[in-house]
1. Can you pull out the residues in the range B:32-48 that are of a type in the set (A, V, I, L, M, F, W, C) and either within 17 Å of A:L128 (Cα to Cα) or surrounded by 13 or more Cβ atoms within 10 Å (Cβ to Cβ) (or both)?
2. Given the criteria in contact (Cβ under 8 Å) with a residue 12 or more places away in the chain, surrounded by fewer than 20 Cβ atoms within 10 Å (Cβ to Cβ) and among the small types (G, A, S), does B:S294 qualify?
3. Restrict the check to the range A:57-72 and report whether at least one residue is in a loop (DSSP other than H, G, I, E, B), of a type in the set (D, E, K, R), away from chain B (no Cβ under 14 Å) and touching a helix residue (DSSP H, G or I) at 6+ places or on another chain (Cβ under 9 Å).
4. For the condition small (G, A, S) and over 23 Å from A:L398 (Cα atoms), what is the one hit in A:G481, A:G472?
5. Within the bounds of the range B:224-231, is there any residue that is of a type in the set (V, I, T), part of a helix (DSSP H, G or I) and either more than 14 Å from chain A (Cβ to nearest Cβ) or touching a helix residue (DSSP H, G or I) at 6+ places or on another chain (Cβ under 7 Å) (or both)?
6. Could you please find all residues in the range B:388-410 being outside any loop (DSSP other than H, G, I, E, B) and touching a Gly at 6+ places or on another chain (Cβ under 9 Å)?
Amino acid sequence: MSTLTDPPPSESFRLSQLIYDTRYRSLTIQVVAFMLIMLGLSWLVSNTVQNLQALGKDIDFGFLGQPAGYDIGQRLVPYDSQATHARAAFVGILNTLLVAVLGCALATVLGVTVGVLRLSKNWIVARLMSVYVEGFRNIPTLLWILLVFAIFSEGLPHPSTFRPDAETGQAESTMLFGSIAMTRQGSFIPRLVYADGAILFVIAIVLALIGIWALRRMAHRRQDATGETMPVLIPSVAILLSALIAANLIISAGSRSNELSLVAVGAEDGMSLAEFSGAAGRIDFCRIRGSGGSFSTQNLLDEREISYRAREFFGDRDSARGLARGECVMIAVPASEAAAFAAELTPELRGDAVAVVLSDTVLEGPAVQVEVPEITESGIARFEGGIPLRNPLIALWLALSLYTSAFIAENVRSGILAVSRGQTEAAFALGLRPNRTMSLVILPQALRVIVPPLISQYLNLTKNSSLALAVGYMDVRSTLGGITINQTGRELEGMLLLGGFYLVTSLIISGAMNVYNQSIKLKER
Amino acid sequence: MASDTHAQTVAYVRDTMIPEAEPPAMESGAIKWLRENLFSSTLNAVLTVLSILAIYWAVTHTVEWLVFGIWDAGSLSECREIRDMRIAEGIWPEGRNVACWAVLSDRWNQLLFGFYPQDLYWRPVAALVVFFIGVAPILFDSVPRKLFYFTALAPFICYWLLWGGTIWGPIFVALGFVLAWAVIRFGQGIVGPLAATIAAFVVPILYWIFVVGPLAGAVGAVAPIGIEFVESNDFGGFMLAFIIGITGIVMSFPLGILLALGRQSDLFIINKTCVIFIEVIRGVPLIVWLFTASLLLNYFLPPGTNFDLLLRVIIMVTFFASAYMAEVIRGGLAALPRGQYEGADSLGLDYWQSMQLIILPQALKISIPGIVNTFIGLFKDTTLVVFVGLSDPIGFTNLIRATTDWNGIYWELFIFVGALFFVCCFAMSRYSQYLERKLATDRR
């Protein structure tokens, strides 16, 4: 027992223990590392301060409040060049989120389809899907974006070819299904426009969803209690449809007889629409995006062959601002509020212009109408009405979706393969039919494997949307991190904010993913 | 016995074999294969027919266009003239649409080499050959092990071939590594292992900063051996993509391993530093980092420093890839059973020994698919450098499409660029599958 005869370790502390004694070594390493890191950081900061001083700059976020002075073609909220840089950044953020959400949705649909088909027993389909996956994921995203953009902006017909020829009455190009126009200046799809009170639709959908949830719960309880299954799908669809139809009937009952008055700037008291048109020449009409009243008014103007041009605004406040600035001169408002609206508007107007209620009225029309894009009949050939999808948005959306779908397809495939065959066999042995096996046994287990990488693909797509720069789509990088930086010379602040936005987005998404992962983790032991 | 009673109850038992027969026609050969693989159900039959139609459509629309492409013309309009002429002469049928490959024969040198001097094209090609020879012993077991000496020299040879200039610079920089090795080898006996390790970091750095420049200048003045110097501004096309991609891959791998180990570490400060570094880098798109490199890096460096944009971009790409690499390798480290770590400890190995001998070989093997995916992603991401003003292949497609001669051409250029990227990335993914099979020692 030599250990007993060893001298007891001396308790005195020697400096070399800091390095050779494991009790202290980790602390030493950390202190040294900490000092090195702090030294490095302070070196960077002092360099930055010196450089900024040399350039005569400071760190100041005040530029966000200054007018931006540039236009943004694609926007989801009101914006014009007089708005602030902060507003421009906000428009950019919304555009980034728009393309991210659209892209994730399409990529998921494509990816799941391709992933499942790649596992198909059908030899030729499986091979085709392999080609799809390998082709899209081995070629850079940027190339796909540029290619799709080139196809859309150089391969598609010019809007003027949609205009009927004066002699033959035949147009060179025709719209798909008579309602979708795909041109090299963008694509236009029909838009649903709603009468006032369309919020009822939202309420109806929410109520229907609650109803469906209750139905499913009841069916579940009944199955647990008695073993009998109840049909769920068809009643659910019926609930949703009947709620929508009911809402439609209720709104239409009011809106069909609801009278709108036209308030015009620069008209005289008691003028009719025809007289105003005669006096003003071409009327600039304030169209409110998605409003059934505006749509009905435009139909009336078309019907009476009054020369007008529609200027589009987001909602009442934005259009009132447009009227005040003189961007448009006529608007449709409910008859009961028209006089008050005109009186309120008049002091806002430039010079001594007066807003007057015209004598004609318009009926608001049914609850939902379809606004189909139409080619302008004279002047520059372009499409009006409907939802405009500009080529940069389409190129970015399609290319990112196709590229990401190849990765999602691989995730889906590996997720399904990760569920062992024994699970399927056991389910069959229990007497479950194939579709129930899929929904009750395979999918819940496969989803556990599929969802985490799926979400990180969503994150990648969101970050890849910064390639918008290549096609001139105004996302947050192009507004805040592009034009704003160039105009104000605030590189440091702009890049910090931009990086911060992406970082916060990623951290939120990955945080949500971690919560999800915890909740679905196998509960073992 | 049960079998006996059974035998008694059966009325008839065959006692001779029936002669062997061919399987039914529906259950053999091509028909069976077709039935099982293409027409096993109504849905499958529909899918098969749809797929065949899709393939037919794609083939009829592309093959003619690809095969009859015009290679000999000076501009897009000339291409169209030649096509119209051939149609008018009746050589080609009416309405045939063909590719204009002439853009490639006209501009291939820019797409591949950028503005690199034409008479020096052999140098990037030689550098690529040197790279492949250097990387061969890493990729394949059958290559002689002696080649590893060449591998160690390859980076310096490649650098010298690409940029040119005096040969003494790369030689003296390489000597710094020899110095580090010498300090560790001989210093351990004199000042102890820890001091020798620290000295092995410090001495070469001091040597590079203070000695290499004057030394190379002095020797260069005595013996001016060198080749023509080429500016990084002249680099472009696929050459640039390869330089950024390969350098990024080579450097991000060790950095990624260190970050992953740091993130797994128990040391609080090291752990948190690595976590912050990884999360910040991964949370922001590469394009933002590249803009940071081109707009902001000068703010963070001592006043007056101004170094090459290409170098800045390579550094950013390396950091970016190493953060992703770290996460992949961390996955591999986490997947190893705890027993492996404990086993290494019980053998008395210290941290670096256990990592080097036990943990990393297994963790890296598990993470091969992820690592190669990161490599592929990095190589594809080299296209983003076009946004900070470097002319990579995509930058050149934009330049070419903006000229009057080739305005309006896009399929041909994108197919060429896409095909080259596809070949590289597909080769990498195939190699990773080969490697996985080769290293699959745990499966019988």
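The values are calculated or read from the model by the stated rules, or taken from the named source; none is laboratory data. Model, not experiment: these values are computed from the prediction. A quick note on method: Cβ atoms are made from the backbone with ideal geometry, for glycine too, and the neighbour counts reach across all protein chains shown.
1. So the first thing to find is which residues in the range B:32-48 are of a type in the set (A, V, I, L, M, F, W, C), and the list is B:33-34, B:38-39, B:43, B:45-47.
Once the filter is applied, which keeps residues that are of a type in the set (A, V, I, L, M, F, W, C) and either within 17 Å of A:L128 (Cα to Cα) or surrounded by 13 or more Cβ atoms within 10 Å (Cβ to Cβ) (or both), the range B:32-48 yields B:L34, B:L38, B:F39, B:L43, B:A45, B:V46, B:L47.
2. On the way: in contact (Cβ under 8 Å) with a residue 12 or more places away in the chain: yes; surrounded by fewer than 20 Cβ atoms within 10 Å (Cβ to Cβ): yes; among the small types (G, A, S): yes.
When the stated conditions are applied, B:S294 passes them.
3. As a first pass, look at the range A:57-72 and keep what is in a loop (DSSP other than H, G, I, E, B): A:57-60, A:66, A:68-72.
Checking which are of a type in the set (D, E, K, R) leaves us with A:57-58, A:60, A:71.
Subsequent filtering for residues that are away from chain B (no Cβ under 14 Å) retains A:60, A:71.
Next, only the ones that are touching a helix residue (DSSP H, G or I) at 6+ places or on another chain (Cβ under 9 Å) stay: A:60.
Yes: the range A:57-72 contains one or more residues that are in a loop (DSSP other than H, G, I, E, B), of a type in the set (D, E, K, R), away from chain B (no Cβ under 14 Å) and touching a helix residue (DSSP H, G or I) at 6+ places or on another chain (Cβ under 9 Å).
4. Values: A:G472 fails: over 23 Å from A:L398 (Cα atoms).
From the options A:G481, A:G472, the qualifying one is A:G481.
5. Initial filter on the range B:224-231 (of a type in the set (V, I, T)): B:225, B:227, B:230.
Subset that is part of a helix (DSSP H, G or I): none.
Looking for residues that are of a type in the set (V, I, T), part of a helix (DSSP H, G or I) and either more than 14 Å from chain A (Cβ to nearest Cβ) or touching a helix residue (DSSP H, G or I) at 6+ places or on another chain (Cβ under 7 Å) (or both), one finds none in the range B:224-231, hence no.
6. Initially, the range B:388-410 is screened for residues outside any loop (DSSP other than H, G, I, E, B), giving B:388, B:393-402.
Within the range B:388-410, B:P393, B:G395, B:F396, B:R401 meet the criteria.
Yes or no, residue by residue, for (1) farther than 28 Å from A:G290 by Cα; (2) in contact (Cβ under 8 Å) with a residue 24 or more places away in the chain; (3) among the hydrophobic types (A, V, I, L, M, F, W, C):
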position: A:T28; (1), (2), (3): yes, no, no
position: A:L41; (1), (2), (3): yes, no, yes
position: A:N51; (1), (2), (3): yes, no, no
position: A:G62; (1), (2), (3): yes, no, no
position: A:Y70; (1), (2), (3): no, yes, no
position: A:Q74; (1), (2), (3): no, yes, no
position: A:Y79; (1), (2), (3): no, no, no
position: A:V116; (1), (2), (3): yes, yes, yes
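Per-residue answers, yes or no, for (1) more than 10 Å from every other protein chain (Cβ to nearest Cβ); (2) part of a loop (DSSP other than H, G, I, E, B):
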{"residue": "A:V31", "(1), (2)": "no, no"}
{"residue": "A:L39", "(1), (2)": "yes, no"}
{"residue": "A:Y79", "(1), (2)": "yes, yes"}
{"residue": "A:F90", "(1), (2)": "yes, no"}
